Structure formats: structure tokens, C-alpha cells
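Structure record follows, encoded as C-alpha cells.
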């Protein structure tokens with residue numbers, strides 16, 4: 001059992017790993033052969049050095065960004081769910097607000113981030129606010145779909161048994177919306193990290209205590225390109241960690257929920 | 001128990017589903033309805049359940065001694081469809097408990113007892129904690145029937161409940177359904193495509209016309225209860241079913 005699962009993991013990991021090593025080799029080779037200046041494109045060795053030399057700072061920055069993203073994401077989960085429930089309970093609210101929910105999804109949030117910072121202020125609150133706004137709509141839209149797309153036979157089953165509006169919401173609509181709520185969460189968790197980093201571009205904490213977004217701006221300004229690469233690497237890793245955690249949770253809940261996926 | 005007088009149903013899109021339909025069903029009677037596809041059989045059941053309202057005519061359904069008009073909270077009516085309509089996130093026991101939960105007025109102990117009894121009746125003991133996706137099609141149907149029976153219904157409406165099952169499961173479930181009926185003798189309206197099934201189960205087989213649906217013919221089934229599976233092979237059963245089929249085609 002264990003041996004086969006290890007073999008399976010090795011089989012599925014081998015191709016992407018080979019490709020990764022290949023890319024590293026090409027990267028390294030190009031930098032060396034063409035003699036590219038390190039302030040334009042540092043080789044993989046320099047990036048690894050930069051990670052090693054700045055590890056405590058990178059970790060601290062990643063922790064702070066993770067907190068901002070987590071704050072925005074959790075807030076978006078709670079508010080998004082609440083808004084979707086309101087939509088499902090009132091045709092008038094849904095009809096008048098839903099088009100704007102869709103419309104707001106197409107507004108580049110990055111463009112209004114400076115405005116948010118002016119209103120909310122610098123520091124963690126500004127970062128959380130940007131992260132929150134960018135991750136809100138996928139949750140609203142997906143959850144609203146799950147709450148309203150109920151098979152007619154199930155609604156009739158509830159009606160035949162004299163179910164109240166409240167019972168139908170609690171025992172039918174909300175459980176039915178769980179898979180689509182989780183889909184929304186999966187989309188949003190990646191966005192929340194992007195939101196936190198963008199938020200830090202504008203609402204960074206200052207030189208004392210800073211996140212990855214601030215570090216990106218700082219290293220760019222100081223043309224510490226290898227350090228910038230290391231920061232980008234950490235940002236990507238943070239996004240992946242978020243996505244991995246939510247996907248894992250998603251799978252865990254869904255297998256219990258309806259046995260598929 | 002059910003009285004339909006000159007019932008007509010016309011949908012919003014102008015389709016005349018039923019017209020001039022008369023029907024009386026007595027208490028404890030098992031009535032099967034057969035007819036061509038789209039003849040309004042399901043509409044008739046939905047009408048009795050209170051999910052549709054008649055455009056013309058009069059309908060009355062009395063579900064218990066207080067003679068309540070449907071749909072009302074006190075009415076003990078259960079509806080079984082071809083699709084078992086189980087909630088995928090509830091295990092069998094919780095699915096069967098759903099109507100009792102929604103209607104309220106049962107103590108949690110009573111709910112538990114009724115649910116276990118109902119699961120027992122349909123042969124699902126040991127599967128209380130199984131989720132619908134872990135059950136076979138036949139078992140899901142049994143769970144759906146258990147959900148109806150847990151209410152101790154006065155009136156059971158069944159709309160092609162075994163239509164999606166293979167022939168073997170269908171025959172077994174027919175026999176079990178008869179056993180359950182003999183135990184509790186709920187009134188039953190049973191819609192089916194299968195004349196065999198209709199004749200095997202019921203006191204009376206109604207043949208409906210093509211749309212707009214009305215009752216073309218009514219056959220009193222002459223076979224006494226309890227009926228055994230062997231009845232299906234008997235000459236008189238085959239001949240009687242052929243008679244009904246003849247009316248259906250004509």
C-alpha cells in the first residue's frame with residue numbers, strides 16, 4: 001500500500017520536477033553564457049543566496065502578509081456568505097444588487113486600492129481592506145448560485161411537508177450551497193494573497209515592520225534584484241500555501257458532502 | 001378519500017393537461033393509473049398533493065378523520081417520485097427523518113423510533129449511516145419509500161417510483177410494497193408505465209387517455225389479497241393484463 005502510493009507520487013511528481021530542473025539549468029546557462037548583469041537577471045544561485053541571507057526578514061514579511069491575506073479572506077467568507085443569503089431571501093434585494101455584484105467583479109480593484117488606503121489608512125487595516133474587497137465577489141456570486149439553484153423536486157418535498165422559509169433556508173438552501181461556497185473560497189483564497197500584496201504596495205507598514213508587498217517595492221527601489229526575486233518566490237509560495245490549504249479542506253468536506261470530487 | 005369532479009387543468013402556456021376528469025378513491029384503496037406518456041398522470045398526482053390547482057371542477061382530499069383540505073399541516077400525505085430526491089448531505093436515517101423534522105410535533109425519541117421502524121420495513125437496517133451516493137439505485141428508492149412511510153401516511157402518492165430500476169429490483173420492490181400495504185393499508189395512487197405492475201399491485205387500474213387526460217376505462221382487479229409473486233405467471237393474470245393493455249392502445 002505505502003510502497004505503491006510512494007511510487008504513484010514519484011510517477012506524478014517526476015515530469016514537473018524534471019521540467020523545473022530543466023528551466024533552472026536553462027536559466028543558469030543563459031545568465032552565464034550571455035553574461036547577463038545580475039541587476040537585470042540574477043542567476044538561480046544568486047537568488048538562493050539572497051533567500052539564505054535574508055531568511056529571517058523574508059519569513060517575517062511573509063507572516064505579516066499572510067495575516068493580512070487571512071484577515072481579508074476570512075472577512076470575505078463571512079460577508080460574502082451573508083450577502084448571498086440576503087440575495088437568496090429577497091427577490092428585490094437580489095434583483096437590484098446582483099447586477100452590481102457582477103459589475104464590481106470587473107472593476108480592477110488594483111485601481112481603487114489607493115482610494116481604500118486613503119479612507120482606511122495605512123497599516124494592517126488598509127491591507128486587510130484591499131484583500132477583502134478583491135476576494136469578496138467570487139464568494140458572493142458562487143454562494144448565491146448554490147443557494148438558488150435548487151432542484152424543483154426538493155423544493156416541493158419541503159413545501160409538501162409544510163417547511164417554513166427558515167427551515168428551507170437552513171435545511172435545504174445552505175447545505176445545497178456548500179459546494180459552490182467552497183468553489184468561491186478556492187478562487188478567493190488566491191486572490192486574497194494578491195490583494196494583500198497589492199494593499200501593501202500602497203498601505204505598507206513602514207520600514208520597521210513590513211510585508212512582502214512593501215519588500216517588493218523596497219528591493220526594487222534599491223535594485224537588489226536577487227532579493228526581489230527571493231521576495232517574489234515567497235509571495236508565490238504564500239499563494240500556493242493558501243490555495244493548497246483551502247483545496248485540501250474543500251476535498252475533505254466535499255467527499256463527506258456528496259461523495260464526488 | 002379523494003373526489004375529483006369534472007377536473008380540468010390548463011397550464012400557463014395554454015397546454016390542456018387534464019379535462020373532464022372524474023375520479024373517486026376510497027379509503028384503503030390501492031389505485032393504479034396507466035396511460036400514454038404525457039397524458040397528465042403526474043399532473044393528476046400533483047393536483048391531489050396540492051402542488052397544482054385545478055382550472056375547472058372540484059377536488060377534495062380528506063386525509064384524516066378531521067377531514068382537512070390539502071395542503072395543510074395535519075394532512076398525512078406522502079409523495080414518492082421516480083427520482084428518490086434524497087438530500088445528498090444526509091445519511092439514510094437523517095433523510096428519512098426529514099419530513100418528521102419539518103412537520104414538527106414529534107419528540108426526538110419518537111422520530112428515532114419511527115425512522116428505524118421505517119428503515120426496517122424497507123429492509124435497510126444496517127444502512128442507517130450510509131449516504132445516498134453509497135447506496136444502489138434500488139436502495140435509494142427504498143430509503144425514499146421509508147421516508148414516506150415514517151409519516152404513517154393516510155395517503156401515499158407514487159409517481160413511477162420504480163421506473164428507473166431494473167426489472168428484477170422492480171419486481172422485488174413490488175412484492176415488498178404489497179406487503180407494506182397489507183400491513184398499514186394506506187390509500188395509494190400509483191402511477192406507472194407498466195401494466196403488469198399496475199395489475200399486480202392494485203384493486204383498480206385506471207386507464208387514461210392521451211392529452212388532455214381523462215379516465216378512459218376503469219378495471220376492477222379480481223385477484224384477492226394477499227397476492228404471491230407466482231400470480232404473475234398465472235393464465236388469468238396474463239389475460240387480465242392483456243385486457244388492460246388493449247384498452248391502453250385503443
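The numbers here are math on the coordinates, done by the rules we state, and not lab data. Everything numeric here is computed off the predicted structure, so don't read it as measured data. In this analysis, Cβ positions are derived from the backbone assuming ideal geometry, glycine residues included, and neighbour counts consider all displayed protein chains.
Data for the structure
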read-out	value
Chain B: calculated mean residue ellipticity at 222 nm from DSSP helix runs of at least 4, using -39500 (n - 2.57)	-11000 deg cm²/dmol
Cut-off 17 Å (backbone N to label point 7 Å along Cα→Cβ of residue A:220), residues of segment A:83-127	A:109-115
Residue-averaged beta-carbon neighbours from other chains (10 angstrom radius) around A:159-167	6
Top of A:40, A:64, A:182 by mean-square fluctuation, Gaussian network on chain A, Cα under 10 Å	A:40
Helix-only CD estimate at 222 nm, as mean residue ellipticity for chain A, using -39500 (n - 2.57) per DSSP H run (n ≥ 4)	-28500 deg cm²/dmol
Residue among A:50, A:159, A:113 with the largest mean-square fluctuation in a Gaussian network model of chain A, springs linking Cα atoms under 10 Å	A:159
Segment residue B:16-residue B:220, length gained on full extension (0.36 nm per residue, minus Cα span)	70.6 nm
FRET efficiency, residue A:91 to residue A:170 (Cβ-Cβ, R0 22 Å, nearest 0.05)	0.65
Peptide ranges A:8-15, A:81-88 listed from the most packed, as the mean C-beta count within 10 angstrom indicates	A:81-88, A:8-15
Between segment A:119-150 and segment B:108-169, the Cα center-to-center distance that results, in Å	42 Å
Relative counts (whole %) of C-alpha pair distances in the protein assembly as shown, using bins that are 20 Å wide	18, 37, 24, 17, 4
Inter-chain shielding of B:96-102 (mean C-beta neighbours from other protein chains, 10 Å cut-off)	4
Inter-site label distance for residue B:5 and residue B:28 at 7 Å from Cα along Cβ, in nm	2.7 nm
Residue exposure sequence - B:131, A:181, B:106 - by fewest surrounding Cβ within 10 Å	B:106, B:131, A:181
Convex hull projection area averaged over all views, chain A, Cα basis, nm²	18.9 nm²
Residue B:109 paired with residue A:110, simple spin-label distance in nm, labels 7 Å along Cα-to-beta-carbon	6.6 nm
Peptides B:229-240, A:186-197, B:149-160 ordered by average Cβ neighbours within 10 Å, highest first	A:186-197, B:149-160, B:229-240
Shielding score for A:148-157, defined as the mean number of other chain Cβ atoms within 10 Å	3
Candidates B:137, B:105, B:20: whichever shows maximal mean-square fluctuation once chain B is modelled as a Gaussian network with Cα springs under 10 Å	B:105
Between helix A:212-221 and chain A: long-axis angle, C-alpha atoms, 0 to 90°, nearest 10	30 degrees
With Cα atoms, 0 to 90° folded angle of helix A:124-148 axis to chain A main axis	40 degrees
Cβ-based exposure ranking for B:3, B:183, B:147, in which fewest neighbours within 10 Å come first	B:183, B:3, B:147
B:2, A:170 arranged by Cβ crowding within 10 Å, fewest neighbours leading	A:170, B:2
Pair residue B:236, residue A:41: separation of 7 Å Cα→Cβ label points (nm)	9.3 nm
Segment A:1-43-segment A:176-230 distance, computed between alpha-carbon centres (Å)	25 Å
Degrees separating the helix A:174-203 axis from the principal Cα axis of chain A, which is the longest one	40 degrees
